[in-house]
Amino acid sequence: MMNELFHPGAALKVEIITETNLIRSYNTIIEDLEHNFLVLQAPFDNGIPVYIEEGRELTLRLEIEEDQKAYVTNVFVIENRPGKVPLLVCGKPKEFKKTSLRRYARFDIDLFCECSTEYDHLPGRVTNISLSGCFVEIAKDAPLTEGTNIQTAIDIPGEYELTFSGEIVRTYDVSDDRKIGLALDIREISMEMKEVLKNYLFQCQMLN
């Protein structure tokens, strides 16, 4: 089953916990599954390869939509291989946990938020949220495009303000032609904020 899941070309998410207890998430692709090693393409951030030092532990999450399952494992980076497409040589996964994609179920909500870039602070509404990201509706003239990283702060009822750094992975039309929709993937979040988000999603699940 390992070879079926972790095959060349399969897309997965990579999570890294930094020294300052921030969780950074990236999307990448499996390059190869060798006898003793798993080779990943180095993830990119704003078009620049992300340097992950040797010895760093990675959490890998591979999602199978048709089965509604996710497979999670941890590996260590053994070697960085430079090149046109930089590679990360990691230890071969020894075991993985199977979970349901329901843990990442999206919930329809309506909460105020503020999206910030280096130059702007833009109010918006979060209309849908999950553990991996959210949908935001914002003024159509906002200078935001796919691939932009933005800081997002969401007013969670009865909780601390939920803050994280996200990447716009898609824009879409909404019913109000004065607004535009943004699909945000969470790219950096503190462990404390991750718990706030988990607790809020649990409340949403109990109310549905």
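The values are calculated or read from the model by the stated rules, or taken from the named source; none is laboratory data. Note that the structure is a prediction, hence the values are computed from the model and not measured. Don't worry about glycine lacking a Cβ; one is built from the backbone with ideal geometry, like all the others, and counts go over all protein chains shown. Ligands, DNA and RNA are excluded from the accessible area calculation, which covers all protein heavy atoms including side chains. Shrake-Rupley method; radii C 1.70, N 1.55, O 1.52, S 1.80 Å.
Can you tell me the relative contact order of the stretch 144-190? Whole percent, Cα pairs under 8 Å, sequence separation 6 or more.
Over the stretch 144-190, the number comes to 33 percent.
Please compute the volume of the convex hull spanned by the alpha-carbon atoms of the stretch 149-193 and report it per residue in Å³.
Roughly 82 Å³ of hull volume per residue.
Percent of accessible area on the stretch 144-208 owned by carbon and sulfur, 1.4 Å probe?
Looking at the stretch 144-208 in its full context, I get 48 percent from C and S.
Which value, in debye to the nearest 20, describes the size of the charge dipole of the stretch 51-128 about its Cα centre when Lys and Arg Cβ atoms bear +1, Asp and Glu Cβ atoms bear -1, and nothing else is charged?
480 debye
Once you have all Cα-Cα distances for the stretch 1-79, histogram them in 10 Å bins from zero and send the whole-percent values.
16, 54, 26, 4
I'd like the distance between the alpha-carbon centres of the stretch 168-208 and the stretch 1-24, rounded to an integer number of Å.
With the stretch 168-208 and the stretch 1-24 each reduced to a Cα centre, they are spaced 21 Å.
Please calculate how many Å² of accessible area the stretch 100-208 carries per residue, with a 1.4 Å probe and no DNA, RNA or ligand atoms counted. Walk me through the numbers before you get to the answer.
Working: 5960 Å² over 109 residues.
I get 55 Å² per residue for the stretch 100-208.
If you roll a 1.4 Å probe over the stretch 1-117 with all protein chains in place, what percent of the accessible area is carbon or sulfur?
About 49 percent, which is the carbon plus sulfur part of the accessible surface.
Between the DSSP loop rule and a limit of at most 10 other Cβ atoms within 10 Å, which trypsin sites (Lys or Arg not before Pro) in the stretch 13-100 are left?
LYS84, LYS94
What is the Cα radius of gyration of the stretch 1-154 over 2.2 N^0.38 Å, N being its residue count?
1.18
Scan the chain and report its longest stretch carrying no GluC sites (Glu not before Pro) that are both in a DSSP loop and have at most 10 other Cβ atoms within 10 Å.
Value returned for the longest uninterrupted segment is 119-208.
With axes computed from alpha carbons, what is the tilt in degrees of helix 191-207 against the longest principal axis of the chain, rounded to the nearest 10 within 0 to 90?
60 degrees
Give me the aspartates and glutamates in straight-line cross-link reach of LYS97: C-alpha distance below 19 Å, same-chain residues under 8 apart excluded.
Counting by Cα, and skipping residues close in sequence, LYS97 has these aspartates and glutamates nearby: GLU4, GLU15, GLU57, GLU63, GLU65, GLU66, ASP67.
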